[in-house]
Amino acid sequence: MTIISVIFTLLTMITSVGIYYGMFRNQVISDLKTHVHILKTTQAVLEYIEKDYDPRIDNLRITVINVDGSVEYDSNADVGIMDNHINRPEIQDVLKNGYGSSVRESGTLARNTYYYAEKFDENHILRVAKEAGNLWQFCLEILPIFLVVLGLAVLVSLIVAKVLAKSLIKPIELVAQNLENENSTETYEEIQPFIDKIHSQHKDLKKSSKMRQEFTANVSHELKTPLASISGYAELIETGMAKEGDIQHFASEIHKSANRLLSLINDIIELSQLDVMDNQLFTININLTDEVKNCVNTLKMNAEKHNITITTDVIEEDCIITANQEMIEEIIYNLCDNAIRYNKQDGHVWVSVFEKDDNIVLQVKDDGIGIAEEDLDRIFERFYRVDKARSKKTGGTGLGLAIVKHIAEQHDAKILIDSKLGEGTTISVLFEK
Ligand code: ADP
């Protein structure tokens, strides 16, 4: 603001000095012209000038010059020592046009001499001259005013800038001091979106830090159980407390726990990779129909072991989505696997792929145990299980649906869930076409 005010004060001063100096020059020449005209109307002008004119009265120097350039009379100097004036610009102009004017630097620094000349009879030219201020004098005269105005401009701009900056920054400072309380700060309209954003980001940060803490606590807890069991059985064998017949059973328990640990760790790694990979998916065009068919075929044997039938249901051919292949395989597998594991004796799983409105829908439906309404919101949380014992027994980690949700989010897909306790569950994932 200070720089701008200095620049504009300077510009104003320079242009006004320029304009007024131009006007002043024209005025002086025009005054001289008037003098010449008045003198010309005087009767017996040469006589009057030579005898009666006193140059001190109105500070004018009058010169009478012959058309050959020689000086006939000068009110301020001795004609004898004056040189020929034929080359002076104003005289040249007179010879051409009948009148002429010019401005020349005079001996003193801040002054110019202004000349106006006109022919007044066949042989004579009358020239009137006057000393008056030049541009430099204008500048000198305006300098004190300029400095005062400049000082004022700088002062006012500094004060205004400071007050403005303070009032602009104040809400931000207040928000920084009091991030917790959303409505504590008085703000102005333009900054409100920024403040809102800060508050919401702060909330998100707190939420995600809390989630991370919970996740770490859960992970430690989940890892502890199988490890403790491995350690316990191994100790029994080590100390010889296990009977010969039990050793195989203990080894199988150790194996189970180790597998559990493995699947837990795999899921945890996958989730943390998903967290890191935000927004940098490697995607290709995938035929979702083919992926579903493959997955159903793979799971068929496993399902039959548990007396569950898994089949494709509504299958529209060539449903293409742009997505990360591994992640899509993971979603289909996790949903089908859950539908098999949380099913009843002789239950069914139906998998469908179809287009609906602007979406391509992957749907996994089962007639298994279902989920109570109060649990529906929570099953996508990390480590949340409705029936912990059943989940563990069937090799669940509590992370499958969390992974599904995460992948869906990364693909801008929506998840719909519809379930009735005791009747079955339908989970649909809606991909954008
Ligand atoms: P888990 O590894 O325990 O299966 P998930 O995240 O896949 O973890 O699922 C979370 C919980 O949601 C499960 O423990 C289970 O209680 C419930 N659930 C998931 N899918 C189904 C389903 N098809 N039918 C009934 N309950 C389900």
- Query: At q = 0.19, 0.20, 0.21 Å⁻¹, what base-10 log of I(q)/I(0) does the Debye formula yield for the range 301-426 when every alpha carbon is treated as an equal point scatterer in vacuo?
  - Reply: -1.16, -1.28, -1.41
- One can check that the equivalent ellipsoid of the range 28-150, built from the alpha-carbon gyration tensor with semi-axes equal to the square roots of five times its eigenvalues, has lengths in Å, largest first, of 30, 15, 14
- Item | Beta bridges by DSSP in the chain, antiparallel share as percent, to the nearest 5 | 90
- Message: Could you tell me how many cubic angstrom of Cα convex hull volume the range 236-395 has per residue?
- Response: 164
- Build a GNM of the chain with springs between Cα atoms under 10 Å: which of Leu126, Leu261, Leu271 gets the top mean-square fluctuation? Leu126
- Within the P(r) computed for the range 95-208, what percentage of the Cα pairs occupies the region above 23 Å? 66
- Task: Just check the range 318-380 against the gyration tensor rule for me: Cα atoms, a ≥ b ≥ c as the square roots of the eigenvalues, rounded for a/c under 1.5, and otherwise prolate or oblate depending on whether a/b exceeds b/c.
- Result: prolate
- Item | Distant-in-sequence amide H partners of Ser70 (H built 1.01 Å from N, under 5 Å) | His85
- Whole-percent tail of the Cα-Cα distance distribution for the range 268-353, cut at 17 Å, equals 53
- So what is Rg over Rh here for the chain, counting just Cα atoms and using Kirkwood for Rh? 1.58
- Task: Let me have the relative contact order for the range 239-321, percent, based on Cα pairs under 8 Å that are six or more residues apart.
- Result: 30
- Item | About the Cα centre, charge dipole magnitude for the range 284-394 (Lys/Arg +1, Asp/Glu -1 at Cβ), debye | 840
- Task: Would you compute the Debye intensity of the range 53-94 from its alpha-carbon atoms alone, equal scatterers and no solvent, and pass along log10 I(q)/I(0) at q = 0.23, 0.24, 0.26 Å⁻¹ to two decimals?
- Result: -0.79, -0.83, -0.91
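Evaluated at 4 °C with a viscosity of 1.567 mPa s, what Stokes-Einstein diffusion coefficient in µm²/s does the range 217-322 have when Rh comes from the Kirkwood expression over alpha-carbon pairs?
Reported coefficient: 72 µm²/s.
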- Message: With an 8 Å Cα cut-off and a minimum separation of 6 or more residues, compute the relative contact order for the chain in percent.
- Response: 9
- Based on the mean of other Cβ atoms within 10 Å per residue, sort peptides 251-260, 337-346 so the most packed one is first. 337-346, 251-260
- Placing +1 at every Lys and Arg Cβ and -1 at every Asp and Glu Cβ, with all other atoms neutral, what dipole size does the chain have around its Cα centre, in debye to the nearest 20? 980
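Below 8 Å between Cα atoms, with a sequence gap of 6+, how large is the relative contact order for the range 77-152 in percent? Don't skip to the end; give the middle numbers.
Details: 92 pairs, mean separation 14.8, N = 76.
Relative contact order comes out at 20 percent.
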- Could you check what % of the DSSP bridge pairs in the range 255-412 are antiparallel, to the nearest 5? 70
- Message: Quick check of the Kirkwood formula: for the range 117-271, what is the inverse mean of 1/r over all pairs of different Cα atoms, in Å?
- Response: 25.5
- Query: Among the listed pairs Lys305/Lys420; Lys388/Lys420; Lys207/Lys414; Lys210/Lys414, which are separated by more than 27 Å between their Cα atoms?
  - Reply: none
- Query: Counting Lys +1, Arg +1, Asp -1, Glu -1, what net charge surrounds Asp366 among other residues with beta carbon under 13 Å of its beta carbon?
  - Reply: -2
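Given the peptides 157-168, 133-144, arrange them by the average over their residues of other C-beta atoms within 10 Å, most packed first. Could you put the intermediate results ahead of the total?
Working: 157-168: 11.9, 133-144: 14.7.
Descending packing order for the listed peptides: 133-144, 157-168.
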- Message: Suppose the chain between Asn287 and Glu189 were pulled fully straight at 0.36 nm per residue; how much longer would it get relative to their current alpha carbon spacing?
- Response: 30.3 nm
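Going through the cross-link list Lys256/Lys300; Lys344/Lys393; Lys33/Lys119; Lys256/Lys393, which pairs have a Cα-Cα distance over 20 Å in this structure?
Lys256/Lys300
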- Message: Can you return the aspartates and glutamates within cross-link range of Lys170? Criterion is Cα-Cα under 20 Å, with same-chain partners fewer than 8 residues away left out.
- Response: Glu180, Glu182, Glu186, Glu189, Glu190, Asp196
- Using +1 on the beta carbon of Lys and Arg, -1 on that of Asp and Glu, and nothing else charged, what's the dipole of the range 1-145 about the Cα centre, debye to 20? 580
- Note on the structure: So the FRET efficiency between Asp275 and Asp318, C-beta based with R0 = 35 Å and rounded to 0.05, is 0.60
- Taking 0.36 nm per residue of separation and subtracting the Cα-Cα distance, what length does fully extending Lys96 through Ile14 add? 25.9 nm
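Only the coordinates and a few stated rules stand behind these numbers; no lab work does. In this text, all values refer to a predicted model and were calculated from it rather than measured experimentally. Quick reminder, even Gly has a Cβ in these numbers, built from the backbone with ideal geometry, and neighbours come from all protein chains shown.
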